[in-house]
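Shown next, in structure tokens, is the structure this report addresses.
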């Protein structure tokens with residue numbers, strides 16, 4: 001089982017979030033127990049802004065066992081499909097947002113996405129399996 005990890009889960013754990021930190025950590029442990037944890041370049045880029053250096057990000061991700069997983073062409077084109085649907089529905093963003101790339105990567109390159117942001121992903125990536133630590 002491959003679990004793609006969203007930025008919000010990682011920030012919960014690295015930032016010691018009082019509300020979500022413990023359940024996000026538990027969900028990461030579940031993902032490791034079930035198989036492999038991955039994160040695409042978008043996640044790594046977003047996460048990097050919260051660390052003092054690139055080395056610190058790499059060390060933190062290594063410690064959690066989250067592997068770098070670059071997007072494939074199929075993932076990128078799936079993101080464009082979802083973004084086109086968003087625009088057709090009247091969405092105001094004129095550029096592909098990170099969440100479309102993250103959702104497409106998880107759909108095409110993982111078995112599920114570990115995230116607390118399930119509403120967006122359920123709308124634009126209907127067949128994506130979502131593991132939400134807050135849904136109990």
* **In the range 61-75, the residues that are modelled with pLDDT of 95 or more, part of a helix (DSSP H, G or I) and buried (at least 16 other Cβ atoms within 10 Å of the Cβ)** => 61, 75
* Check residue 52 against each of (1) closer than 21 Å to residue 128 by Cα; (2) out of contact with any helix residue (DSSP H, G or I) (no Cβ under 6 Å at 6 or more places or on another chain); (3) surrounded by fewer than 17 Cβ atoms within 10 Å (Cβ to Cβ) and name the one condition it does not meet. => (1)
* Structure fact -> Note on the range 112-131: residues over 11 Å from the mean Cα position of the chain (by Cα) and crowded, with 17+ Cβ neighbours inside 10 Å are 124, 125, 128
* Do we have residue 58 as part of a loop (DSSP other than H, G, I, E, B) and surrounded by 13 or more Cβ atoms within 10 Å (Cβ to Cβ) here? -> no
* Selected residue (criterion: nearest to the chain's Cα centre (by Cα)) from residues of the range 18-39 that are in contact (Cβ under 8 Å) with a residue 24 or more places away in the chain and over 18 Å from residue 111 (Cβ atoms) -> 24
* Structure fact -> Taking first residues from the range 4-17 that are in a loop (DSSP other than H, G, I, E, B) and second residues anywhere that are crowded, with 21+ Cβ neighbours inside 10 Å, the pairs with Cβ under 6 Å that are 6 or more apart or on different chains are 6/115
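Answer with yes or no whether residue 80 is under 28 Å from residue 20 (Cα atoms), surrounded by fewer than 20 Cβ atoms within 10 Å (Cβ to Cβ) and either more than 12 Å from the chain's Cα centre (by Cα) or touching a residue at least 40 places away in the same chain (Cβ under 8 Å) (or both). Talk me through it step by step, then tell me what you get.
Values: under 28 Å from residue 20 (Cα atoms): no; surrounded by fewer than 20 Cβ atoms within 10 Å (Cβ to Cβ): yes; either more than 12 Å from the chain's Cα centre (by Cα) or touching a residue at least 40 places away in the same chain (Cβ under 8 Å) (or both): yes.
Here the answer is no, as residue 80 does not meet what is asked.
Yes or no, residue by residue, for (1) at pLDDT 95 or above; (2) under 23 Å from residue 13 (Cβ atoms):
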{"site": "36", "(1), (2)": "yes, yes"}
{"site": "52", "(1), (2)": "yes, yes"}
{"site": "58", "(1), (2)": "yes, yes"}
{"site": "91", "(1), (2)": "no, no"}
{"site": "108", "(1), (2)": "yes, no"}
{"site": "116", "(1), (2)": "no, yes"}
* Please go through the range 118-136 and pick out each residue that is closer than 23 Å to residue 67 by Cβ and in contact with a helix residue (DSSP H, G or I) (Cβ under 6 Å, 6 or more places away or on another chain). => 121, 125, 128, 130, 132, 133
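Out of everything in the range 90-111 that is surrounded by fewer than 18 Cβ atoms within 10 Å (Cβ to Cβ) and touching a helix residue (DSSP H, G or I) at 6+ places or on another chain (Cβ under 9 Å), what residue ends up being farthest from residue 25 (Cα to Cα)? Break it down stepwise before answering.
Within the range 90-111, the subset surrounded by fewer than 18 Cβ atoms within 10 Å (Cβ to Cβ) is 90-98, 111.
Filter once more, keeping what is touching a helix residue (DSSP H, G or I) at 6+ places or on another chain (Cβ under 9 Å): 91, 93-98, 111.
Working: 91: 33, 93: 32, 94: 35, 95: 32, 96: 29, 97: 26, 98: 23, 111: 19 Å.
The selected residue is 94.
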* Structure fact -> Of the residues in the range 83-111, those that are under 14 Å from the mean Cα position of the chain (by Cα), over 24 Å from residue 21 (Cα atoms) and without any contact (Cβ under 8 Å) to a residue 60 or more places away in the chain come to 97, 100, 104, 107, 108
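The values are calculated or read from the model by the stated rules, or taken from the named source; none is laboratory data. Everything quoted here is computed from the prediction, not taken from an experiment. Heads up, the Cβs are rebuilt from the backbone with ideal geometry, glycines too, and the neighbour counts pull from every protein chain shown.
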